[in-house]
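> Provided herewith is a single structure, encoded as C-alpha cells, for subsequent inquiry.
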Amino acid sequence: MARYTGPRAKKERAFGEPVFGGLRASQRKAYGPGQHGNSRRRRQKSEYALQLMEKQKAKYTYGLLERQFRNLFEKASRRGGVTGEVLLQLLESRLDNTVYRLGIAPTRRAARQLVSHRHILVNGVVTNIPSMLLKPGDVVSVRGKSQGIETIREWVNSKSDVRKFGWLEFNRDKMEGKFLAYPTRDQIPEKINEQLIVELYSK
C-alpha cells in the first residue's frame with residue numbers, strides 16, 4: 001500500500017498544523033523548515049501557493065496520495081451540494097479515518113495499519129481496504145480475536161484517545177462503533193479551507 005514515508009515533522013512545520021496527529025512539531029520550532037530557520041524574511045505567498053498548500057495539508061492530514069485525492073475530489077464534484085463540504089464528508093467517511101475518530105487507533109496511520117492487517121470488521125465482514133467509504137448505518141468493529149491484543153485494548157480504554165463526534169457512536173465494551181451520518185462542516189474539527197481546494201482544481 002503506497003503512503004507518504006518522508007519526514008513528518010518537517011511537513012507539520014511547513015503547514016503549522018499537526019497533520020499527522022500526535023505532538024505538534026511547530027510547538028518545538030515555531031517557524032517553517034529550511035536551512036535559514038526563521039532568520040530569513042519570507043515573501044508573501046501567491047494565491048496559487050495558498051491554494052496548493054491547503055490541498056497538500058488536506059492530503060497529508062487524511063493520508064492520501066495525489067491520485068487518490070483527485071479521484072475523491074472528482075467524486076465529490078459529481079455529487080449534489082457544496083463541493084468542498086462534500087469532499088470533507090467523503091474524507092471523513094473513509095474507513096481508516098473512522099477507526100481513528102472512534103478512538104480505536106491513536107493516529108490515522110495506526111488506523112490504516114489495523115485495517116490493512118485485517119483487525120477491523122465492517123458490518124461483520126473482515127475488511128482490509130483503508131480507503132473504503134462508509135455509508136450511514138455501517139457498523140465498524142474490532143475483529144473478535146483481535147480484541148485481546150494488548151495494544152488495541154490500551155488504545156480503546158485510554159481516555160485521552162476516546163474521541164466523540166456527533167456523526168459516530170461507539171461502544172467501548174464491544175469495541176464497536178456506528179457511522180450514523182455524514183458530518184456537517186461545523187462538526188469536522190480539521191482546520192482546512194476547502195474552498196481554496198475547489199478553486200485550485202477548478203483552474
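The values are calculated or read from the model by the stated rules, or taken from the named source; none is laboratory data. Note that the structure is a prediction, hence the values are computed from the model and not measured. Methodologically, a virtual Cβ is constructed for each residue, glycine included, from the backbone with ideal geometry; neighbour enumeration extends over all protein chains shown.
> Is it true that some residue in the range 152-159 is closer than 20 Å to A58 by Cβ, not hydrophobic (A, V, I, L, M, F, W, C) and not assigned by TED's automatic domain parsing to the domain that holds L65?
For the range 152-159, residues closer than 20 Å to A58 by Cβ, not hydrophobic (A, V, I, L, M, F, W, C) and not assigned by TED's automatic domain parsing to the domain that holds L65: absent.
> Just to be sure, is L168 of a type in the set (A, V, I, L, M, F, W, C), within 16 Å of L91 (Cβ to Cβ) and assigned by TED's automatic domain parsing to the domain that holds L72?
Against the criterion (of a type in the set (A, V, I, L, M, F, W, C), within 16 Å of L91 (Cβ to Cβ) and assigned by TED's automatic domain parsing to the domain that holds L72), L168 does not qualify.
> Moving to a separate point now. Hey, any hits in the range 69-90 for a residue that's within 28 Å of K178 (Cβ to Cβ) and in contact with a Pro (Cβ under 7 Å, 6 or more places away or on another chain)?
Yes, because at least one residue in the range 69-90 is within 28 Å of K178 (Cβ to Cβ) and in contact with a Pro (Cβ under 7 Å, 6 or more places away or on another chain).
> Being closer than 30 Å to L52 by Cα and of a type in the set (S, T, Y) is the requirement here; does T151 meet it?
No; evaluated as a whole, the condition is false for this residue.
> Going by the structure shown, is I197 part of a helix (DSSP H, G or I) and touching a strand residue (DSSP E or B) at 6+ places or on another chain (Cβ under 7 Å)?
no
> Here's something else I'd like to know. Is there a residue in the range 72-93 that is farther than 26 Å from K203 by Cβ, touching a residue at least 24 places away in the same chain (Cβ under 8 Å) and of a type outside the set (D, E)?
Within the range 72-93 (the criterion being farther than 26 Å from K203 by Cβ, touching a residue at least 24 places away in the same chain (Cβ under 8 Å) and of a type outside the set (D, E)), the answer is yes, since at least one residue qualifies.
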